[in-house]
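**Student:** Here's a structure for you.
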Amino acid sequence: MTLKFIVDLEPIGRRIEIEEGATLLDAAHKAGIDLVAACGGVGICGTCVVHPRSGKFSPLTQNEEDTLLPEQISAGFRLACQVRPLSDVKVEIPPESLVSSQQMQVEGKEDVIRLIPNVIGIDIQMEKPDIDDLRSDLTRTNQTLAKMQFPPLNSDLNGLARLSKMLRKENWTIRLAISPNEHQSRLVTSLPKKTRLLGMASDMGSTKLAVYLVDLESGATLAQTGVMNPQISYGEDVVSRIAFANKNEENRKLLQSRLVQTLNHTLETLCQQVGVSIDQVVDAVVVGNTAMHHFFCGLPVEQLGEAPYVPSVSEALSISAHEIGLALAGGAAVYLPPNIAGYVGGDHTSVLLATQTYSTPKTMVMVDIGTNTEISIVHKGNVYSCSTASGPAFEGAHIRDGMRASEGAIESVTIQGSEVQPKTIGNVKPIGICGTGILKGISEMLNNRIIDERGVLDKQHPRVRTIDRGSEFLLVEAKDTGHGRDIVITRRDVNEIQLAKGAIRAGIEILMREAGVTADQVDEWIIAGAFGTYLDLNSALRIGMFPNVPLDRFRQVGNAAGVGAKQMLLSKEKREEAKEVVKGINYIELTTYPGFTKTYTDAMYFNFV
């Protein structure tokens, strides 16, 4: 009897069953994932590099030893065309090994703000030292700055060494990147005169990282991109990553280093795109939920895994970039805005800042949808916030044929009777279904009475069939797919969406209860986050994710957390404003809230409107 193994391909989010003897490249092809394999799988080009994470694999082949670099081998990388699973396995696919990228939302709606960056550029020119003028380089620089009404410099040894070298290299006319305050100016780096000063902003989501390269003097975003969070290989949600980190100190360090390595690689790519140097990146602002904040800083997370979920730090932080391994200019710092609570972090602070919802006289609901969904209600000057574990189903995970939002993913579907019309990203043959697609599909199944309010499938429908594990709806026949297999929506898939939407709806209901408002009294519903950008609001309302209110009350704002991060990068005023935002927030811990379980259970029904 031929053995069969499950291959979990991350961060794509595809799981595929293969027979014993098949390679990881075979598994990727069967899953409809296009890996770069320039030699056609012979094992001589070295392009199909993957990183095995768990399970048993065949030994290193001679082709791998000849093709991979020694440092790749020591780090555990393999060639997908050469390695064969010997058990159920999990494998990480680096971005450079993928032919097509995933659909990611990094843009958000932005307002014009006053530019007051934390780091500024000062062009200085001074006389060369001679036998009659033996002042040190630092003394000479500080006296020049004093004439320009700037306080003296404070610098580490690396900064002083670069200052001396740059003065002589540039003939005593240079640009200083400094962070001034009333009594002292922190020297970030020394550059040739008139060099543009740049900053990095990043929204670290549990699933995706949005990274922006920003001109600090004009406020322009020069380049931006979204990449998968590499920590997915160690757990699809922050709870499982906390458990992984708590096993030993090395695991916690691994989560931190993988995150920082990905940010470094992404920033380097952005700099190359616009023809600038990493040395020009003199400041950074990073936002994320409280767990991502702690992972990034290398802080302990044990206390986030058990009640009462107290963070190590809730205050705003400014830390050395180099202290945590972030490859910016020599003396650059990284700013992280204050966290709100154990599972509501600086990313939600950033959202409230960017949308200005915290200060509105209106009654508003803010929902930032992700693997962890943060929700706030603003009413009569009070802000009530909570976090819900909506899970990775909206990213296509835990769905039978689910996948991330990349080419070939069904992103929308129309059902009329027994006729199904799917729409895919890239308009190619479907190979799976992403979060927006499964949401739309279930909405259409409800409209056509293929499922009832409990999520039970109608076995009399011609496309519903009974299987060993229950029942499933045939979405696309094998002959019409890109990998030659049926794509289905199972009863278990429906339940995953019920759990996810129920968590969000329960959070909304409890916050409205705390604020003393009804859905009809809410003036505006703001939907943020990557998934929220592509969310079909009609489908969300149909399944009961939100109360049944008029569609024109909803506003989708894109990646508001990323917008807020950029604002804090460009304005010290915005950093101070963020500190004020968190002071007035009433945090509600749902897990200990009376009646939460019943509200959550009720909210899972599709007729809960």
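**Student:** Picking from Thr225, Ile487, Leu163, whose Cα lies most toward the positive end of the charge dipole for the chain (charges on Cβ: Lys, Arg +1; Asp, Glu -1)?
**Tutor:** Thr225
**Student:** Between Gln303 and Asp468, what is the label-to-label distance in nm when each label sits 7 Å out along the Cα-to-Cβ direction?
**Tutor:** For Gln303 paired with Asp468, the spin-label model returns 4.8 nm.
**Student:** Report the gain in length on full extension from Asn264 to Lys193: 0.36 nm times residue separation, minus Cα-Cα distance, nm rounded to one decimal. Intermediate values should be presented prior to the final figure.
**Tutor:** Numbers: separation 71, 0.36 × 71 = 25.56 nm, distance 2.57 nm.
Once the chain is fully extended between Asn264 and Lys193, it gains 23.0 nm.
**Student:** From the backbone phi of region 16-26, what are the Karplus-calculated ³J(HN,Hα) couplings (6.51 cos²θ - 1.76 cosθ + 1.60, θ = phi - 60°) in whole Hz, Gly and Pro given as x?
**Tutor:** Coupling constants for region 16-26: 9, 9, 10, 8, 3, x, 6, 8, 5, 5, 4 Hz.
**Student:** To continue, here is another question. Expressed as a rounded percentage, what relative contact order does the chain have, with Cα pairs under 8 Å and six or more residues apart?
**Tutor:** Details: 1378 pairs, mean separation 81.4, N = 609.
RCO, the chain: 13 percent.
**Student:** If amide H atoms are built 1.01 Å from N in the plane of the peptide, which residues on other chains or at least 5 residues away come under 5 Å of the amide H of Glu217?
**Tutor:** When sequence neighbours closer than 5 places are left aside, the close amide H contacts are Leu197.
**Student:** Measure nothing fancy, just the Cα-based angle from helix 435-447's long axis to the longest principal axis of the chain, in degrees from 0 to 90, nearest 10.
**Tutor:** Result, in degrees: 30.
**Student:** Please identify the trypsin sites (Lys or Arg not before Pro) of region 376-422 that satisfy two criteria: DSSP loop assignment and at most 10 other Cβ atoms within 10 Å. Which are they?
**Tutor:** Details: sites: Lys380, Arg400, Arg404; in loops: Lys380, Arg400, Arg404.
When the trypsin sites (Lys or Arg not before Pro) of region 376-422 are filtered for loop state and at most 10 Cβ neighbours within 10 Å, Lys380 remain.
**Student:** How large is the helix-only mean residue ellipticity at 222 nm for the chain, computed as the sum of -39500 (n - 2.57) over DSSP H runs with n ≥ 4, divided by its residue count, in deg cm²/dmol to the nearest 500?
**Tutor:** Details: 16 runs with 175 residues, N = 609.
It comes out at -8500 deg cm²/dmol, rounded to the nearest 500.
**Student:** What number, in nm² with one decimal, is the all-direction average of the projected area of the convex hull of the alpha-carbon atoms of region 4-97?
**Tutor:** Details: hull surface 20.6 nm².
That works out to 5.1 nm².
**Student:** Sticking with this one: For Glu71, put the label point 7 Å out on the Cα→Cβ axis and report which residues of region 298-331 keep their amide N under 17 Å from it.
**Tutor:** Counting backbone N atoms under 17 Å from the label point, the list is 325-328.
**Student:** May I have the pair-distance distribution P(r) for region 266-338, computed from all Cα-Cα distances with 5 Å bins from 0 and rounded to whole percent?
**Tutor:** Going out from 0 Å in 5 Å bins, region 266-338 shows 3, 15, 23, 20, 15, 11, 7, 4, 2, 0 percent.
**Student:** Identify the trypsin sites (Lys or Arg not before Pro) of region 50-84 meeting these criteria: DSSP loop state and at most 12 other C-beta atoms within 10 Å of the C-beta.
**Tutor:** On the way: sites: Arg53, Lys56, Arg78; in loops: Lys56.
Here the sparse-neighbourhood loop sites are Lys56.
**Student:** So which GluC sites (Glu not before Pro) in region 398-506 are both in a DSSP loop and have at most 14 other Cβ atoms within 10 Å of their Cβ? Kindly include the intermediate steps, with their values, before the conclusion.
**Tutor:** Details: sites: Glu407, Glu411, Glu419, Glu444, Glu453, Glu472, Glu477, Glu496; in loops: Glu407, Glu453, Glu477.
Listed in order of number, the matching sites are Glu453, Glu477.
**Student:** Nearest 10 degrees is fine. How inclined is helix 346-355 to the longest principal axis of the chain, computing both from alpha carbons?
**Tutor:** In the chain, helix 346-355 runs at an angle near 90 degrees to the longest axis.
**Student:** Three principal axis extents, largest first, for the C-alpha atoms of the chain, in Å?
**Tutor:** The principal-axis extents, from largest down, are 99, 69, 42 Å.
**Student:** Mind giving me the FRET efficiency for Gln62 and Lys4? R0 is 22 Å, r the Cβ-Cβ distance, nearest 0.05 is fine.
**Tutor:** Working: r = 28 Å, r/R0 = 1.26.
It comes to 0.20.
**Student:** Using the beta-carbon distance between Ile116 and Glu315 and R0 = 22 Å, what value does 1/(1 + (r/R0)^6) give for FRET efficiency, to the nearest 0.05?
**Tutor:** Values: r = 21 Å, r/R0 = 0.96.
FRET efficiency, Ile116 to Glu315: 0.55.
**Student:** Now, a different point. Once you put a point 7 Å from the Cα of Asn538 and another 7 Å from the Cα of Lys147, both along the Cβ direction, what distance in nm separates them?
**Tutor:** 7.0 nm
**Student:** Lys/Arg Cβ at +1, Asp/Glu Cβ at -1, dipole of the chain taken about the Cα centre: which of Tyr384, Met292, Leu304 is farthest positive-ward?
**Tutor:** It is Tyr384.
**Student:** So for the pair Ala161, Asp88, with labels modelled 7 Å out along Cα→Cβ, what separation do we get in nm?
**Tutor:** 5.1 nm
**Student:** With the dipole of the chain worked out from charges on the C-beta (+1 for Lys and Arg, -1 for Asp and Glu) around the Cα centre, which of Tyr335, Met403, Thr357 lies farthest toward the positive end?
**Tutor:** Thr357
**Student:** R0 = 51 Å: FRET efficiency of Gln421 with Glu20, Cβ-based, nearest 0.05? Before the final figure, lay out the partial values.
**Tutor:** Numbers: r = 38 Å, r/R0 = 0.75.
About 0.85, to the nearest 0.05.
**Student:** On a 0 to 90° scale, report how tilted helix 157-169 is relative to the longest principal axis of the chain, with both axes built from alpha carbons and the result rounded to the nearest 10.
**Tutor:** Long axis of 157-169 versus the principal axis of the chain: about 60 degrees.
**Student:** Name the residues whose placed amide hydrogens come within less than 5 Å of the amide hydrogen of Ser406, ignoring near sequence neighbours (fewer than 5 apart) on the same chain.
**Tutor:** Gln103
**Student:** Tell me which residues come under 5 Å, amide H to amide H, from Ile433 once H is placed; ignore anything under 5 positions away on its chain.
**Tutor:** For Ile433, whose amide H was placed from the backbone, the distant partners under 5 Å are Gly402, Met403, Ile410.
The numbers here are math on the coordinates, done by the rules we state, and not lab data. All figures in this text were calculated on a predicted structure; none of them were measured in a lab. Note that we place each Cβ from the backbone using ideal geometry, even for glycine, and neighbour counts take in every protein chain shown.
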